[in-house]
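A quick write-up on the structure given underneath.
Since every read-out is calculated from the coordinates, none of them should be taken as a lab result. Just so it is clear, the model here is predicted, and its values are computed rather than measured. Glycine also receives a Cβ, built like all others from the backbone with ideal geometry; neighbour counts cover every protein chain displayed.
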Amino acid sequence: MGVVLPQYSEKKRKIYEASKLYFEALTQAKSQEDIDRLGKRLAELEAEYSENPAYMAWVHQQYLEQKWKVKKNQITLIEKLNTGGTGSLFEIKNECEKRGLPFHFNIITHADYEVSPRNLGGLLKLFTIKAFRMATSSHIFLNDNFLPLGYMKLSDETKVVQLWHGMGSFKKFGGSSETNPEVLKELKAATKNTDHILASSENIRDNYAEAFIAPKEKVICIGCPQVDYFFREHDIAAWKEELSERYPEMKGKKLVLYAPTFRGEEEHDKKLLEAFDFDAFQKELGKDYFLMVRLHPQIQSAKVPDTVANMTDYPNVRKLLCMTDILIADYSSIAVEYSLLNRQIILYAFDKEWYLSKDRGFYFDYEKTAPGPIVENMKDLIDCIKNKQWDIAKVEKFAHLHNDYFDDKSAERVVDYYFGNGKKLPNSASEPKPFYEEWNQYRPKHRRKRNPDSISQNIFDNASGKSQNGKLPEKWATQDAEEAVNSWESERKKQRKRQQQKARMQEKLKQQTANVTKQKNKKNNNFISGIDKLKSKKEKDINKQKQLKLQNQEEKSTKETSEEIKSRKEHRMKVIVGLGNPTDQYKGTRHNVGYMAIDRIAEANRININQHKFKAMVGSGFIGGSKVLLVKPLTYMNLSGESIRPIMDFYKLDLSDILVIYDDISLEPGMLRLRTKGSAGGHNGMKSIIKHLGGDTFPRIRVGIGGEKHPGQDLADYVLGHFKDDEKELLSDALDKAEKAAELFAQDEFSEAMNKDSVGKKKRKTLE
């Protein structure tokens, strides 16, 4: 029966008795009193065995022994770790529903595991209807280890897919850190019944294989669906306004989230909040920053003070991360997800020595791959925020280490991988029959008449509206079970008869409609054949006229005046893009000269940049009679292509219609280099644009921000720093030239600007 561990032999006998009693309740109970009596006895046994994987395995096996067929349209989602309906499981469900795939979803949530004698109805539902549907599902998706899998004999048609609730492989987990041999044995058995394990990057394939004690071939690297959320447009300002109604003191402040992971030991879990001086944070940073705390679900001993915004129960963790300006993590994989937003991360590792001495450890060197500064006390933490001691370049590198896909298509890739285009799927997603209807097919015929299906129906089919809270309605309590069954079966026969009559009438009407349509088509065909000859002659005349018209147009086009050509040009859209990073903290930095150029062009030509669309701030107007669109992407520098590609598609532009202005560290301040094509030259923003546009044959203006860096200065710190006073005058002159070059581009005279203002490789060091 799938239960193989010898230590469960005695328990298995008692489990059998408990389950047998449960099945007797379906066939022997004739009143509410019987249900209460049998239910109470079962609840007593369940109190001891409900969390035993062997018990669950035995119940599941009862269904499998009935040889129920796997249903192609039935999918089971096991949300063992609560995600509030926002994790990978539900991203896949939403994608299936978006495509109109005919699936019925059987969802087992964390609440289904909270079983007790007081929750008998929920327990029975989990071990009956949901277990039956799980055993007959074509696919089972889960977000955590589900040890009962190791005791089950699933059909070869059923595919089990492990999505995992965390992204990447920061700290070790599962088989990489577990030392208990019994747990390892159960984990290995569960993985044996798992077909695939999904990962977010090829860099972590080996780590996932080790964690799940699985061959590398089972690890499929097609993305993490739950982070699709980060790459969609959100009204974060509206979210913050909504949250400020609960916390008025957060208005106008930057949001800081402290999200530590669990330690696995109660003593050390308590220290998570004891080591964080909330009073010091409020005193030093409370004017400009608002602190929030979110604890890991497995932390039970630590309690968040009432004076702090407790976000532990906030339902959507990814929505919370989108609102967060600075993340304070430690060893948690939440840092991996947050790194995709390209924002500041600080690692508060006050117990680093103790944590690193534990067997758990990390897959990669903790200090070398950290996405931000590592601090071990509150003073350094506060100073780090005050002095803005972080490194966006490290965040980006960390994100690329753990993730291969920077888009919102991971759920699409998963659905494509397992279900393709849906051609082999059934046509409808009808609700599966309740288990008691299926079960009756396999029961002896002489027992079917005396089986009180009505009682089964009212215990477990709450959706029918005939039962309340898993108990029999009052009318069933006073009625003999045999009489109730006969009445119910009689009503079902009448219902089936009415359905058959309705089906016959529909078929008859369908046939009559088909006959009428056939007669109409016959008459139409006779009429059409009569006018085809006339139509043929008319078409010949029309074609002749079209040829003459085209000939006249060609002759006319050769005589077109220069004024007419210029007039056409005026109606072509030109797009001028300036690269940079949004938010005030990057305003005026070297990396934002593209933004500065756009502002200079907008001011000179009286164009208001006040529209928020295409993941950018845009403004439309005219330069020299040509219509232009000025664009400042809001995707942050490294994702600039995600904003420009939709603009190109919407206006049906060629690559030559797009001008990109950006910073170049290889050029001295005040110098420009104009080109009509070329590579990214190591610039991440240009890499993104070339990737999304599918080519590099578009004009660009590179504005010099270079000069020798100070010894030991980080590149990211330099480009995110501000211009010196002696550089600002040179920069202003360069922006004036960039403005004039952009105006010439709008009038299709970019080559003139190249000859006039562009600096060549050999010239740049000799010119001022």
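Could you check the simple spin-label distance between LYS508 and GLU202, using points 7 Å along Cα→Cβ, in nm with one decimal?
Roughly 6.6 nm, to one decimal.
Pull up all non-local amide H partners of TYR258: gap of 5 or more, or a different chain, and H-to-H distance under 5 Å with H placed in the peptide plane.
MET292, VAL293, ARG294, ILE328
Report the full-extension gain for the segment LYS254 to HIS692: residue separation times 0.36 nm, less the Cα-Cα distance, to one decimal in nm.
Roughly 154.5 nm would be gained on extension.
Which of PHE281, SER333, ASN387 sits farthest toward the positive end of the charge dipole of region 233-405, with +1 on the Cβ of Lys and Arg and -1 on the Cβ of Asp and Glu?
Farthest towards the positive end: ASN387.
Which cross-chain or sequence-distant (5 or more) residues have an amide H under 5 Å from the amide H of VAL160, H modelled 1.01 Å from N in plane?
Answer set, sorted by chain and number: ILE140, ASP195, HIS196.
Measure out, as a whole number of angstrom, how far apart the alpha-carbon centroids of region 718-760 and region 301-359 sit.
Using only Cα atoms to place each centre, the spacing works out to 43 Å.
If you stretched the chain out fully between TRP239 and ASN543, how much longer would it get, using 0.36 nm times the residue separation minus the C-alpha to C-alpha distance?
My answer for the length gained is 103.4 nm.
Taking neighbour counts of Cβ atoms within 10 Å as a proxy for exposure, in what order, fewest first, do THR324, THR312 appear?
Arranged by neighbour count, lowest to highest, THR324, THR312 become THR312, THR324.
Roughly how many nanometres apart are two label points built 7 Å out from the Cα toward the Cβ at MET573 and ASN521?
4.5 nm
Can you give the FRET efficiency for GLN585 and LYS188, using 1/(1 + (r/R0)^6), R0 = 41 Å, r = Cβ-Cβ distance, to the nearest 0.05?
0.25
Please work out the FRET efficiency for the pair THR307 and LYS677, using the Cβ-Cβ distance as r and a Förster radius of 56 Å; give the result to the nearest 0.05.
After rounding to 0.05, the efficiency reads 0.45.
Note down the magnitude of the dipole of region 567-757 about its Cα centre, charges +1 on Lys and Arg C-beta and -1 on Asp and Glu C-beta and zero elsewhere, to the nearest 20 debye.
Using Cβ point charges on Lys, Arg, Asp and Glu, region 567-757 gives about 800 debye.
Using modelled amide H (1.01 Å from N, peptide plane; none on Pro or chain starts), what sits under 5 Å from the amide H of GLY678, excluding residues fewer than 5 places away?
For GLY678, whose amide H was placed from the backbone, the distant partners under 5 Å are PHE698.
Distance between Cα centroids, region 170-232 to region 588-654: provide it in whole Å.
Region 170-232 and region 588-654 have Cα centres spaced 43 Å from each other.
Using the Cα gyration tensor of region 163-319, with a ≥ b ≥ c the square roots of its eigenvalues, what is the shape: rounded (a/c below 1.5), prolate (a/b larger than b/c) or oblate (neither)?
Because a/c hits 1.5 or more and a/b fails to exceed b/c, region 163-319 counts as oblate.
Of LYS69/LYS510; LYS522/LYS544; LYS677/LYS740; LYS287/LYS728; LYS587/LYS756, which sit over 26 Å apart, Cα to Cα?
LYS69/LYS510; LYS522/LYS544; LYS287/LYS728; LYS587/LYS756
Among rounded, prolate and oblate, which fits region 567-757 when a ≥ b ≥ c are the square roots of the eigenvalues of its C-alpha gyration tensor, a/c under 1.5 means rounded, and a/b larger than b/c means prolate?
Prolate shape, in that a/c is at least 1.5 and a/b is the bigger ratio.
As a quick test, which of the pairs LYS171/LYS192; LYS319/LYS615; LYS627/LYS724; LYS171/LYS271 have an alpha carbon distance above 29 angstrom in this structure?
LYS627/LYS724
Residue by residue, what Karplus-based ³J(HN,Hα) values in Hz, rounded to whole numbers, does region 501-516 have, using 6.51, -1.76 and 1.60 with θ = phi - 60° and x for Gly and Pro?
So the J values, rounded to whole Hz, are 4, 4, 5, 5, 5, 5, 5, 4, 4, 4, 5, 4, 4, 5, 5, 4.
Gain in length, ASP277 to VAL70, computed as 0.36 nm per residue apart minus the alpha-carbon separation, to one decimal in nm?
Length gained, ASP277 through VAL70: 68.9 nm.
In which sequence would TYR651, TYR348 go, from the one with the fewest C-beta neighbours within 10 Å to the one with the most?
Fewest to most other Cβ atoms nearby, the residues stand as TYR651, TYR348.
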